[in-house]
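Below is one structure; the comments refer to it alone.
The values are calculated or read from the model by the stated rules, or taken from the named source; none is laboratory data. Model, not experiment: these values are computed from the prediction. Ideal geometry is used to build each Cβ from the backbone, glycine not excepted, and the neighbour counts take in all protein chains shown.
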Amino acid sequence: MRFLRPLSLLPLAAALVLAGCGGGSEDAPPARGTIVSALEDAELNPSQTWPIPTTQIDAGTAATGVQALTGKATCDVHIAYVLYMTRDPQGEAATASTAVFIPSGDASVCSGSRPVVLYAHGTTTEKGFNMADIANNDEGSLAAAMFAAQGYIVVAPNFLGYDLSSLSYHPYLNAEAQAVDMVDGLRAASTFLKAHSSVQPSSQLFVTGYSEGGHVAMATQKVIERDYTSEFTVTAAAPMSGPYNLTRFVGQILASPDYCTGVGSSDPNCAVSVGGTLFAPLLMTSWQKAYGDVYASPADAYQAPYSDFMESLLPSNSSVEDLMAAGKLPADATFRKLFGTGGLYTESFRTTSLANTGSGLLGAAAKNTLLGWTPKAHMALCYSSADPTVFGYNTTDAQADFASRNVTVPALNLRGSTTTIASTLGTQAATLAGAFQATYALPANQGNEHSNAAPFCAAFVKGFFQNFVQ
């Protein structure tokens, strides 16, 4: 969905990225959530008419076929871009950035005090990823159309390690670190809105995200409800298709055969995730930087030639296609060549990792598994049981874990029986599942199941949140 012309290059001097990080070793860094710099509307794209009018948003959603899911826009949308201070996994000062989508217009839901959607994006290998650049960012444009154009303020952090962040890597699936980043992005956005916008955040906070963002959204709800109740109250949360049970997920992938020709997770002996050669290096670097015991050296974990560069390869300024062509990633269209000849990882690393469940890779997976806590706010989940990228048991395991503590969390399985869905979640959810199944027949579309499900899950989440808007 592209309803903006490309953003001009952000006119931020490189010095701004590190501004305020302390001029000497004795200087205290700026507080978390402090704004380093901010741009809005015409500063982002002087050739665009601001705010983005509903007609332009509708033209974009119609052209990309998602208007039946988003609905027609009720509000125009302003965009702000905020660079802020946060902390890396070691607690050191770092900068990150966030997009802020702000509704505007004459309708009552477009002005005054509006609920906030804190949105966590999915996995990307693109170093320059920026949710504010909705001309070139499909997830950003979907979040703007699905939520901001319907009257929500959307705060969508780009995460540490992306865009103009000062951190040299991304703390991928580090639950505590990413929750801190999300909280600080929300703080910075709130400060910006109070100073620059007539549309103000209400006390209602909704948290969601897809894929990696599903994990981040669940972690953020957990951490806000544990540590930040004096600042924020989560009204409702709806993580989508996230890897919540990383202990099981990582362990299953480690134990898988060298290569799997199918794309499903139904065979427990053949379960390398589609996209694994992209996700695994991000995860390995993240957890090695955080915990230091995933491997002794890159050569112990990665096969040649990947051991020479993989630790710092992703996220990258080069496309995945270019990386594959240059021999930086295995030449496999499903990105699943983790083991065996030509794969990423050594057999000794796999054997050692499987044998040490309390440390190393599986120890890190356990630290970041989102089971064993109790949500206080309303929660719903969405996923596909046929997803070959983030296997569906991540959702059903989380749902069962919450139920074990008497917390009922509804979950929409887009591949479920529409009759059952109608009786448990209602006709709107059943209609979404039916439309998804009619649009993407199996097995032809299974390889893209994860990405295909995203806008349908977002539509379910929008409807779920609407139940609680005051």
(message) Any residue in segment 439-457 that is touching a residue at least 40 places away in the same chain (Cβ under 8 Å) and within 19 Å of THR64 (Cα to Cα) sitting within a Cβ distance under 6 Å of a residue that is charged (D, E, K, R) and outside any helix (DSSP H, G or I)? List the pairs, counting only those 6 or more apart or interchain.
(response) GLU449/ASP387; HIS450/ASP387
(message) Suppose the filter is within 20 Å of the chain's Cα centre (by Cα) and not in a helix (DSSP H, G or I); does THR389 pass it?
(response) yes
(request) Find all pairs meeting these conditions: Cβ atoms under 6 angstrom apart; at least six residues apart or on different chains; first residue within segment 144-164 and of a type in the set (A, V, I, L, M); second residue in a loop (DSSP other than H, G, I, E, B) and crowded, with 24+ Cβ neighbours inside 10 Å. (result) ALA144/ILE134; ALA149/ALA73; ALA149/CYS75; VAL154/PHE147; ALA156/MET131; LEU160/PRO171
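Can you say whether PHE349 is in a helix (DSSP H, G or I) and either buried (at least 19 other Cβ atoms within 10 Å of the Cβ) or under 20 Å from the mean Cα position of the chain (by Cα) (or both), as far as the supplied structure shows? So that I can check it myself, show each step before the final result.
Details: in a helix (DSSP H, G or I): yes; either buried (at least 19 other Cβ atoms within 10 Å of the Cβ) or under 20 Å from the mean Cα position of the chain (by Cα) (or both): yes.
So PHE349 fits the description; yes.
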(request) Search segment 205-228 for residues that are under 21 Å from ARG114 (Cα atoms) and pair each with any residue that is aromatic (Phe, Trp, Tyr) and not in a strand (DSSP E or B) when their beta-carbon atoms are under 8 Å apart and the residues are at least 6 apart or on different chains. (result) LEU205/PHE232; PHE206/TYR152; PHE206/PHE465; PHE206/PHE468; THR208/PHE465; ILE224/PHE232
(message) I'm checking my understanding of the structure. Among residues of segment 206-238 that are touching a strand residue (DSSP E or B) at 6+ places or on another chain (Cβ under 9 Å) and surrounded by fewer than 24 Cβ atoms within 10 Å (Cβ to Cβ), which one is nearest to TYR383 (Cα to Cα)?
(response) ALA236
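Condition first: among the hydroxyl-bearing types (Ser, Thr, Tyr), at pLDDT below 95, more than 21 Å from LEU118 (Cα to Cα) and not in a loop (DSSP other than H, G, I, E, B). Can you find one or more residues in segment 439-454 that meet it?
The first filter runs over segment 439-454 and keeps only residues among the hydroxyl-bearing types (Ser, Thr, Tyr), leaving 439-440, 451.
Applying the additional criterion that residues be at pLDDT below 95 yields none.
Looking through segment 439-454, none of the residues is among the hydroxyl-bearing types (Ser, Thr, Tyr), at pLDDT below 95, more than 21 Å from LEU118 (Cα to Cα) and not in a loop (DSSP other than H, G, I, E, B).
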(message) I'd like to know if segment 58-70 contains one or more residues that are charged (D, E, K, R), outside any loop (DSSP other than H, G, I, E, B) and modelled with pLDDT of 95 or more.
(response) yes
(message) With the requirement that a residue be closer than 18 Å to ALA458 by Cα and either free of Cβ contacts under 8 Å to residues at least 60 places away in the same chain or not assigned by TED's automatic domain parsing to the domain that holds VAL117 (or both), what does segment 54-98 give you?
(response) ASP58, ALA62, GLY65, GLN67, LYS72
